[in-house]
């Protein structure tokens, strides 16, 4: 008997000391067999949801049956991405938005029940944006810059007639942020810097403009009460984090409606005003609060483990709530929550069925001290195979912006690289949003300096982990993050072994001079933060532009670019690639003729992101991939 007990104990101890089996590795094609979903508007009869999905390889509009989860494809584009906006009230017609090859000149289209399509905003250079339905559901509001390419005017169209009528001519470069239910008031904002703006209420009947922004800070509109007695807005004036304020229009009385120790991202009332939705940016992850305005109590609904509530919409009858929820292991899925019986129903299954989510990794929030002692938050992805006995290569990931934020959520490229043995530290360097206004402003007029040092100290944090190969750390990022990649390679050439630049700025002088005309209302604010290329700031902008210091770059780089990018022109990437090649440094360059600022088509993502892994395996991991 003793022998048997000892044998069982020995087997148990052996099992406990077994090394965890390495996860299955998946191809880039496997990861892009996932399906992405966006939107989720309820149909007039609340039986279906209108969404956009890239199931076909490119975004198209679909309807999801709420009862059984079945989907119906309602557009069939194979060239341009289509993003569903909403059902036309009282009909089965829909409106959607699309541009041309990623050029960001979005038009609004009407898809009729007979399948015919009408471009409601047909100006060749007209950029249009949906702005809601009138309270009586007889008109569509939208913004358009067809009169003046720099500014967006407010229009309305009567449903069925679809003839534009301008109801506010925007000559002063305001951003139109909302309209009251009775259409008497417009909320307008005016950018001063990227961290400060003005907020106004404009009375269309009297022409009176009332400034709401009584203290310096950031302000955004958050809608009107159903009776239009109150206006709601979000601000960080006088405080570190943004909070929700209720403003009585006739008296000017203000009261704080909600605040916490993180930023309130957005808030709105349901159609009949029964519920208030409040979204909070809590340490890189969404936290959602639904308040019953009659009782003042919050609505409890089931939590999804590792779930990040990306978006929410309440049906007009206030009986159902559509939740868009993602995790760091799975792309966004759409759920419907029935408020009365508290039933939560999952309608979509976005992760490729051939991928076991247990083979993927959950994101972890970490913090490290930078060069000056400032604590820097980051999102960390550790490969399952990483250990002291098997140290893995790593990448510092830099988000876009300036002022963006890496957040907990699913990104197929990150999971693909981690699945193939690369640790990734997504650094929220100083200047990132979500950590208070002081932190947000810390990189103003200092880009490519202290924010870059934060990334370098992120690399040092990685090197302090015994499961990271200290000699094999690279840097990757897109847009502003792409600038940071090239800045690292040019200004700190010994720090990172490789750099992967996705449509990044390399010549700030050109980029700031060539911003799209429809950014006019934001241009001076951008110049305030980064620098004005038409002034003495041009000296500093030259000094921080990697293109003019490309001779310093000595480690391999990879550049990916969309030919139709209106923000970072293709010539930016052309020139940095040409300059670095003169150094006899390995350079890989991938250009997509049908993409803009970011890649939407699956075939392009498969090609481009697959080549990133090959590049890293060759030049960072050191494997022979021939």
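Scan region 146-180 residue by residue and report those that are assigned to a loop (DSSP other than H, G, I, E, B) and within 29 Å of the chain's Cα centre (by Cα).
First pass over region 146-180, keeping only residues assigned to a loop (DSSP other than H, G, I, E, B): 146-152, 159-163, 169-174, 180.
Matches in region 146-180: 146, 148, 149, 150, 151, 152, 170, 172, 173, 174, 180.
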Return the residue satisfying two criteria in turn: it lies in region 362-378 and is touching a helix residue (DSSP H, G or I) at 6+ places or on another chain (Cβ under 9 Å) and closer than 11 Å to residue 424 by Cα, and of such residues it is surrounded by the most Cβ atoms within 10 Å (Cβ to Cβ).
-> 363
Hey, could you check region 116-145 for residues that are farther than 23 Å from residue 596 by Cα and within 23 Å of the chain's Cα centre (by Cα) and say which is surrounded by the most Cβ atoms within 10 Å (Cβ to Cβ)?
-> 142
Output the residue which, of all residues in region 537-582 that are under 17 Å from residue 500 (Cα atoms) and part of a loop (DSSP other than H, G, I, E, B), is farthest from the chain's Cα centre (by Cα).
-> 554
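Scan region 232-252 and give yes if some residue there is assigned to a loop (DSSP other than H, G, I, E, B), over 30 Å from residue 118 (Cα atoms), modelled with pLDDT of 95 or more and in contact with a helix residue (DSSP H, G or I) (Cβ under 7 Å, 6 or more places away or on another chain), otherwise no.
Within region 232-252, the first condition is being assigned to a loop (DSSP other than H, G, I, E, B), and the residues that meet it are 236-242, 249-252.
Still in the list and also over 30 Å from residue 118 (Cα atoms): 236-242, 249-252.
The next check asks that each one be modelled with pLDDT of 95 or more; those that pass are 236-242, 249-252.
Still in the running and in contact with a helix residue (DSSP H, G or I) (Cβ under 7 Å, 6 or more places away or on another chain): 236, 240.
So far as region 232-252 goes, yes, one or more of its residues are assigned to a loop (DSSP other than H, G, I, E, B), over 30 Å from residue 118 (Cα atoms), modelled with pLDDT of 95 or more and in contact with a helix residue (DSSP H, G or I) (Cβ under 7 Å, 6 or more places away or on another chain).
Just to be sure, is residue 534 over 18 Å from residue 571 (Cα atoms), in contact with a strand residue (DSSP E or B) (Cβ under 8 Å, 6 or more places away or on another chain) and part of a loop (DSSP other than H, G, I, E, B)?
Details: over 18 Å from residue 571 (Cα atoms): yes; in contact with a strand residue (DSSP E or B) (Cβ under 8 Å, 6 or more places away or on another chain): no; part of a loop (DSSP other than H, G, I, E, B): yes.
No: the conditions fail for residue 534.
Look at region 476-499 and say how many of its residues are more than 14 Å from residue 598 (Cα to Cα) and not in a helix (DSSP H, G or I). Walk me through it before giving the result.
Quick first cut of region 476-499, residues more than 14 Å from residue 598 (Cα to Cα) only: 476, 483-499.
Remaining after also requiring not in a helix (DSSP H, G or I): 476, 492-499.
Adding up the residues that qualify gives 9.
Residue 595: under 25 Å from residue 56 (Cβ atoms), surrounded by fewer than 16 Cβ atoms within 10 Å (Cβ to Cβ) and touching a residue at least 40 places away in the same chain (Cβ under 8 Å), yes or no? Show your work before the answer.
Values: under 25 Å from residue 56 (Cβ atoms): yes; surrounded by fewer than 16 Cβ atoms within 10 Å (Cβ to Cβ): no; touching a residue at least 40 places away in the same chain (Cβ under 8 Å): yes.
When the stated conditions are applied, residue 595 does not pass them.
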Options 439, 503: the member that is touching a residue at least 60 places away in the same chain (Cβ under 8 Å), surrounded by 20 or more Cβ atoms within 10 Å (Cβ to Cβ) and within 29 Å of residue 538 (Cβ to Cβ) = 503
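Being surrounded by 14 or more Cβ atoms within 10 Å (Cβ to Cβ), in contact with a helix residue (DSSP H, G or I) (Cβ under 9 Å, 6 or more places away or on another chain) and at pLDDT 95 or above is true for just one of 178, 217, 173, 223. Which residue is that? Don't jump to the end; show me each part of the working.
Details: 178 fails: in contact with a helix residue (DSSP H, G or I) (Cβ under 9 Å, 6 or more places away or on another chain); 173 fails: at pLDDT 95 or above; 223 fails: in contact with a helix residue (DSSP H, G or I) (Cβ under 9 Å, 6 or more places away or on another chain).
From the options 178, 217, 173, 223, the qualifying one is 217.
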Can you pull out the residues in region 81-105 that are more than 17 Å from residue 160 (Cα to Cα) and in a loop (DSSP other than H, G, I, E, B)?
-> 81, 82, 99, 100, 101, 102, 103, 104, 105
Residue 79 meets each of (1) touching a residue at least 12 places away in the same chain (Cβ under 8 Å); (2) surrounded by fewer than 15 Cβ atoms within 10 Å (Cβ to Cβ); (3) out of contact with any strand residue (DSSP E or B) (no Cβ under 6 Å at 6 or more places or on another chain); (4) under 26 Å from residue 171 (Cβ atoms) with one exception, condition (4)
Can you name the residue in region 106-115 that is modelled with pLDDT of 95 or more and part of a loop (DSSP other than H, G, I, E, B) and is also surrounded by the fewest Cβ atoms within 10 Å (Cβ to Cβ) among such residues?
-> 112
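The values are calculated or read from the model by the stated rules, or taken from the named source; none is laboratory data. Because the structure is predicted, anything quoted here is derived from the model rather than measured. Please note: Cβ atoms are built from the backbone with ideal geometry, for glycine as well, and neighbour counts cover all protein chains shown.
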